[in-house]
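The values are calculated or read from the model by the stated rules, or taken from the named source; none is laboratory data. Remember, it's a predicted structure, so these values are computed and weren't measured experimentally. No Cβ is skipped: glycine too gets one built from the backbone with ideal geometry, and neighbour counts run over all protein chains shown.
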Amino acid sequence: MKMNETNDAALVEKQVSSELIFDGVVVHLFRDRIELPDGKPSAREVIRHVGAVAVVPLTDDDEVVCVRQFRYPMGKVLLEIPAGKLDGKGEDHAEAALRELREETGAQCEQLIDLGPLYPTPAYTDEVIDLYLAKGLTFGNTAPDEDEFLDVVRVPLAELVDMILRGEIADSKTQAAILKVWVMKCRAEGKPC
């Protein structure tokens, strides 16, 4: 199916005004007045976010270096790929991915492959997470942020795919990036996924 972009104009909402409601450290909440495609007024509450990166560190043995960390909003420990927010809008995304990889796992890589952007919740936030695959890993010491407590674990790629399919990994960036890497690997090997 090919998307027909010529009809996009009939779907576009236009911003009329924007009011900052909350200015936090990580998120900035705005109430925007908009005009719907049919000309009627409406409102949108939007969380503005600086953006983030996430990395699939894949070892030569097809293991993914993951992190386990407590996620306060969910109230539980989640298994995820290494990730973090950008230090600012102008930060180079690949450099940020390398930084997060090194800080959270102690790894450096020979090859960083761009897997594209992920919009985790486009209904109410403009956050974009740029996904990467890191290969040719070497390991040193971790250096997590002072408020970051992590367990670093290695999980076979195939096992992560099975965990995702069983519903054991709910984190969207981890699901998307792992499944992309799995499909890329299957195609490279000429195998069905």
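Data for the structure
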{"read-out": "Residue within segment 6-16 that is outside any loop (DSSP other than H, G, I, E, B), touching a strand residue (DSSP E or B) at 6+ places or on another chain (Cβ under 6 Å), hydroxyl-bearing (Ser, Thr, Tyr) and over 28 Å from Ile178 (Cβ atoms) present", "value": "no"}
{"read-out": "Residue in segment 77-85 that is assigned to a strand (DSSP E or B) and in contact with a Ser or Thr (Cβ under 6 Å, 6 or more places away or on another chain) present", "value": "yes"}
{"read-out": "Residue in segment 144-151 that is at pLDDT below 95 and touching a Lys or Arg at 6+ places or on another chain (Cβ under 9 Å) present", "value": "yes"}
{"read-out": "Conditions (1) within 18 Å of the chain's Cα centre (by Cα); (2) outside any loop (DSSP other than H, G, I, E, B); number of the one not met by Arg154", "value": "(1)"}
{"read-out": "Exclusive hit being assigned to a helix (DSSP H, G or I), acidic (Asp, Glu) and either surrounded by 12 or more Cβ atoms within 10 Å (Cβ to Cβ) or touching a residue at least 24 places away in the same chain (Cβ under 8 Å) (or both), set Glu127, Glu104, Glu110", "value": "Glu104"}
{"read-out": "Qualifying residue in segment 78-86 (condition: over 27 Å from Leu131 (Cα atoms), surrounded by fewer than 16 Cβ atoms within 10 Å (Cβ to Cβ) and modelled with pLDDT of 95 or more)", "value": "no"}
{"read-out": "Residues that are touching an Asp or Glu at 6+ places or on another chain (Cβ under 7 Å) and part of a strand (DSSP E or B), drawn from segment 131-151", "value": "Tyr132, Lys135, Gly136"}
{"read-out": "Which numbered condition Glu110 fails, given (1) of a type in the set (Asp, Glu); (2) modelled with pLDDT of 95 or more; (3) under 21 Å from Gly51 (Cα atoms)", "value": "(3)"}
{"read-out": "Residues located in segment 87-101, provided they are surrounded by 15 or more Cβ atoms within 10 Å (Cβ to Cβ) and assigned to a loop (DSSP other than H, G, I, E, B)", "value": "Glu91"}
{"read-out": "Filter result for Thr121 (surrounded by fewer than 17 Cβ atoms within 10 Å (Cβ to Cβ), hydroxyl-bearing (Ser, Thr, Tyr) and over 17 Å from Leu58 (Cα atoms))", "value": "yes"}
{"read-out": "Hits in segment 45-66 (condition: closer than 22 Å to Asp147 by Cα, surrounded by fewer than 22 Cβ atoms within 10 Å (Cβ to Cβ) and touching a Ser or Thr at 6+ places or on another chain (Cβ under 7 Å))", "value": "His49"}
